[in-house]
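This report concerns only the one structure given below.
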Amino acid sequence: MNRLLGRIVSVESSGEISLIDIRIGSECVVSVLVIDGLEPSPYLAVGGQVGVLFKESEVVLVKGEDKHIGALNRIPARIAGIGEHALLSEINLTYEALPLRALVPSRSLRELGLKVGDDMTVLVNPTEITLAEIP
C-alpha cells in the first residue's frame, strides 16, 4: 500500500460527492473523489492534513511525459529499484524523498525497457485513492 502525507488545498462538493485536491510534497497535487454521507467528514476540510493511500496494483506507469493522457493524478517519479519476477514485477519509485511502489506485468516491464533511474509519471485514478484522517 502506498501511503503519502498531504494537505487539502481545495474541496468542491455537489450533493454527497466531493472532489478534493491534496498537495503532496512541494509541487504535486492529487485529486480524490469522495462519496460521503449527508454530513461531510470534518477532517476533509481545506488546510487539513490527510493520509493518501492507494494500492500498488492501482498505479499506471508512463515513461517520459505525455501531455495527452486524460488523467487527473500525475505524480512525477524516478525508478529506484526493480524486482522482476516471472509474471508480476515490483517497481520502487521516489517522488521527492517519498517512496512509491507499482506492480506491473513483467511483460510490460520488458516492453517498456524500464530501468533504475528512468523518469516516470505515476497515474492513479481519483476513485482508487483512500483518504485517512491524521490525528
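A compact table of results
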| read-out | value |
| --- | --- |
| Considering residues of segment 115-135 that are out of contact with any helix residue (DSSP H, G or I) (no Cβ under 9 Å at 6 or more places or on another chain) and polar (S, T, N, Q) only, the residue modelled with the lowest pLDDT | THR127 |
| Residue within segment 35-50 that is in contact with a Leu (Cβ under 6 Å, 6 or more places away or on another chain), closer than 19 Å to ASN125 by Cβ and not charged (D, E, K, R) present | yes |
| Matching option when the condition is surrounded by 13 or more Cβ atoms within 10 Å (Cβ to Cβ), out of contact with any Leu (no Cβ under 6 Å at 6 or more places or on another chain) and of a type in the set (Val, Ile, Thr), among THR130, THR121 | THR121 |
| Scan of segment 102-114 for residues that are part of a strand (DSSP E or B) and either among the hydrophobic types (A, V, I, L, M, F, W, C) or at pLDDT 95 or above (or both), ordered by number | ALA102, LEU103, VAL104 |
| Flag for ASP21 being free of Cβ contacts under 8 Å to residues at least 60 places away in the same chain and under 22 Å from TYR95 (Cβ atoms) | yes |
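The values are calculated or read from the model by the stated rules, or taken from the named source; none is laboratory data. Bear in mind that the values here come from a model prediction, so they are computed numbers and not experimental data. As a convention, Cβ positions derive from the backbone with ideal geometry for all residues, glycine included, and neighbour counts pool all protein chains shown.
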